[in-house]
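Chemist: Provided herewith is a single structure, encoded as structure tokens, for subsequent inquiry.
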Amino acid sequence: MVSVEVDGLDEVVRKLEALSKEYPDDAEDILKDNAKNFRKELVRNMRSKIKRSHQSKKSLRKVGSYKIYPVRGYGSGKEIDISATARHFHLFEHGHNQTNRAGTKVIGHVEGRKVMKSTAEEYNDKFPKVVESSVNRLLKKENLI
């Protein structure tokens, strides 16, 4: 039987434990920051799709029209939700039937713009890079790399 002893392993284990304790707070911060950035991207994409000068209180072209909920979950299962506060968002996103003024006859169908879906697909490419850089920052902070 061969016995191997590594000097400094206790220090690395201690640093990894400190990192794992610090990670949940940083994970929440990363999620919150990315939710805010996603909301900004979504509004930017909405402004390019909606060509109107008039803005109502519940306009989809405003950052305040999208609510970011608190972070939920534990450990690696943390998540954050973003939803539109405007009641007509689902009509714009998914499409709807267009009716006459009386609402008795269907005139046509308005296709959905799928802005939330396309913005989420764009952000799926960016998110792993942001998380990787945040983890690297944490590792450097604990002098592990």
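Just so you know, all these numbers are worked out from the coordinates, no wet-lab data involved. Everything numeric in this text was worked out from a predicted model, so none of it was measured. Glycine gets a Cβ as well: all are built from the backbone with ideal geometry, and neighbour counts include every protein chain shown.
Chemist: Here are some pairs, Lys67/Lys129; Lys32/Lys78; Lys51/Lys105; Lys36/Lys129; which of them have Cα atoms lying more than 18 Å apart in this structure?
Modeler: Check vs 18 Å cut-off fails for Lys67/Lys129; Lys51/Lys105.
Chemist: With charges only on Cβ, +1 for K and R and -1 for D and E, what is the dipole size of segment 74-120 about its Cα centre, in debye, rounded to 20?
Modeler: 200 debye
Chemist: Using the scaling law 2.2 N^0.38 Å as the reference, what is the normalised Cα Rg of segment 27-145?
Modeler: In units of the 2.2 N^0.38 Å rule of thumb, it is 1.38.
Chemist: Give me, ordered by chain and number, the residues 5 or more places off Gly95 or on other chains with an amide H under 5 Å from its own placed amide H.
Modeler: Those lying under 5 Å, H to H, from Gly95 are Gly112, Arg113.
Chemist: Using 1/(1 + (r/R0)^6) with R0 = 41 angstrom and r between the beta carbons of Ala120 and Asn100, what's the FRET efficiency to the nearest 0.05?
Modeler: 0.75
Chemist: Using θ = phi - 60° and the Karplus relation 6.51 cos²θ - 1.76 cosθ + 1.60, list the HN-Hα couplings for segment 114-130 in order, rounded to whole Hz, with x at every Gly or Pro.
Modeler: Karplus values, whole Hz, x for Gly and Pro: 6, 6, 4, 5, 5, 5, 5, 5, 4, 6, 4, 6, 7, 4, x, 5, 5.
Chemist: Go through segment 35-48 residue by residue and turn each phi into a ³J(HN,Hα) via Karplus (6.51, -1.76, 1.60, θ = phi - 60°); whole Hz please, and just put x for glycine and proline.
Modeler: 5, 5, 5, 4, 4, 5, 4, 4, 5, 4, 5, 5, 5, 6
Chemist: Taking amide H positions as placed in the peptide plane 1.01 Å from N, state which residues far from Tyr66 in sequence (5 or more) or on other chains have amide H under 5 Å from it.
Modeler: Thr85
Chemist: Another question about this same structure. Mind ordering 25-33, 98-106, 126-134 by average Cβ neighbours within 10 Å, highest first?
Modeler: Highest to lowest by the protection proxy: 25-33, 126-134, 98-106.
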